[in-house]
1. Pick from 81, 11, 20: which residue has the top mean-square fluctuation in a GNM of the chain where Cα pairs under 10 Å get a spring?
2. In square angstrom, what is the accessible area per residue of the chain with a 1.4 angstrom probe?
3. Keeping the other protein chains in place, figure out the carbon and sulfur percent of the accessible area of the stretch 14-102, with a 1.4 Å probe.
4. Under the rule a/c < 1.5 gives rounded, and otherwise a/b versus b/c splits prolate from oblate, where does the stretch 34-78 land using the Cα gyration tensor?
5. In cubic angstrom, how much convex hull volume per residue do the alpha carbon atoms of the stretch 1-46 span?
6. Report the trypsin sites (Lys or Arg not before Pro) located in the stretch 1-104 that are in a DSSP loop and have at most 13 other Cβ atoms inside 10 Å of their Cβ, or state none.
7. For the chain, what relative contact order do you get, as a whole percent, if you take Cα pairs closer than 8 Å and at least 6 residues apart?
Amino acid sequence: QVQLVESGGGLVQAGGSLRLSCAASGRTFTNYAMGWFRQAPGKEREFVAVISWSGGNTYYADSVKGRFTISKDNAKNTVYLQMNSLKPEDTAVYYCAAPVSHVGGSRWYADYWGQGTQVTVSS
């Protein structure tokens, strides 16, 4: 059984920062990428960022590039999402996922998902 548990969400003013964490347990995703997705009210879930197992490769959605940073600590089986310069449009439930694979175009797939953590950015 795989468990992904997110934490770190909350309410922040526009321009502020938050760091999300995702702790993985039950399985070691050796050689698999992990990532973050988000879903705003009334919208489909969208890709945010992905990081390779080694941590050497990362990829971001255009909407967060330059503001968000994904990182990981393999010793702790934990992935992080540092979010800076937050905007009201970043308001969403953020989900951790693994393993993440690129299907094509803007489509990404993951086998396992966390329960999500709410991020609310006030203007």
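1. Checking each option, the largest mean-square fluctuation is seen for 11.
2. About 53 Å² of surface per residue is accessible.
3. For the stretch 14-102, the apolar C and S fraction of the accessible surface comes to 45 percent.
4. prolate
5. Per-residue hull volume (Cα only) is 123 Å³.
6. 43, 65
7. The normalised contact order for the chain reaches 35 percent.
The values are calculated or read from the model by the stated rules, or taken from the named source; none is laboratory data. Here the structure is a predicted model, which means the values were calculated and not measured. With ideal geometry, Cβ positions are generated from the backbone for all residues, glycine too; neighbour counts draw on all protein chains shown. Side chains included, ligands, DNA and RNA excluded: accessible areas come from the protein's heavy atoms. Shrake-Rupley method; radii C 1.70, N 1.55, O 1.52, S 1.80 Å.
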